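Notes follow once the structure below has been shown.
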Amino acid sequence: MKIAVTSQGKDLDSQVDPRFGRAAYIIIVDSETMNFEVLDNKENINALKGAGIQAASNISNKGAEVLLTGFCGPNAFKTLQAAGVKIANDASGTVRDAVKNFIDGKLVLADKANVEGHW
């Protein structure tokens, strides 16, 4: 399974970035091999609007099936749902920890956004 994780750095030992659309990086992890690809999200960090929608499009295009993040706003949430990407909010620790916690069933899939837009 391909799992997208918002990250403050470029490797599995980086801390999860609590922001989705404005995260510094998004790491796409293969949950079986732990191989990963880093997406630089800098074009969205300072976007006036639409950062979450663009980030959602980027991870969907990479084939991610699940997003692990801290907070996901309503527009990004709807875009991810439309693309068939499931969302687990409240991820924390390192990227590696977040993936392990998800695989172990410790992160619950969300049924709605957990912040207002432009967080």
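The values are calculated or read from the model by the stated rules, or taken from the named source; none is laboratory data. Just so you know, these numbers come straight off a predicted model, no measurement behind them. Glycine also receives a Cβ, built like all others from the backbone with ideal geometry; neighbour counts cover every protein chain displayed. Note: areas computed on protein heavy atoms with side chains; ligands, DNA, RNA excluded. Shrake-Rupley method; radii C 1.70, N 1.55, O 1.52, S 1.80 Å.
Quickly run through region 79-119 and pick out the residues that are of a type in the set (Lys, Arg) and modelled with pLDDT of 95 or more. Lys86, Arg96, Lys100, Lys106 - these are the residues of region 79-119 that are of a type in the set (Lys, Arg) and modelled with pLDDT of 95 or more. Hey, could you check region 26-85 for residues that are more than 18 Å from Val115 (Cα to Cα) and of a type in the set (Lys, Arg) and say which is farthest from the chain's Cα centre (by Cα)? Out of the qualifying residues, it is Lys42. Would you check if there is a residue in region 4-26 being among the basic types (Lys, Arg) and either open to solvent by less than 10 Å² (accessible area, probe 1.4 Å) or farther than 14 Å from Phe71 by Cα (or both)? So far as region 4-26 goes, yes, one or more of its residues are among the basic types (Lys, Arg) and either open to solvent by less than 10 Å² (accessible area, probe 1.4 Å) or farther than 14 Å from Phe71 by Cα (or both).
Residue-by-condition table, conditions (1) under 25 Å from Gly105 (Cα atoms); (2) open to solvent by 20 Å² or more (accessible area, probe 1.4 Å); (3) out of contact with any strand residue (DSSP E or B) (no Cβ under 6 Å at 6 or more places or on another chain):
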position: Ile28; (1), (2), (3): yes, no, no
position: Asn35; (1), (2), (3): yes, yes, yes
position: Lys49; (1), (2), (3): no, yes, yes
position: Ala56; (1), (2), (3): yes, no, yes
position: Val66; (1), (2), (3): yes, no, no
position: Gly84; (1), (2), (3): yes, yes, yes
position: Ala88; (1), (2), (3): yes, no, no
position: Gly93; (1), (2), (3): yes, yes, yes
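Listed conditions (1) polar (S, T, N, Q); (2) without any contact (Cβ under 8 Å) to a residue 40 or more places away in the chain; (3) open to solvent by 10 Å² or more (accessible area, probe 1.4 Å) are all met by Asn41, apart from (3).
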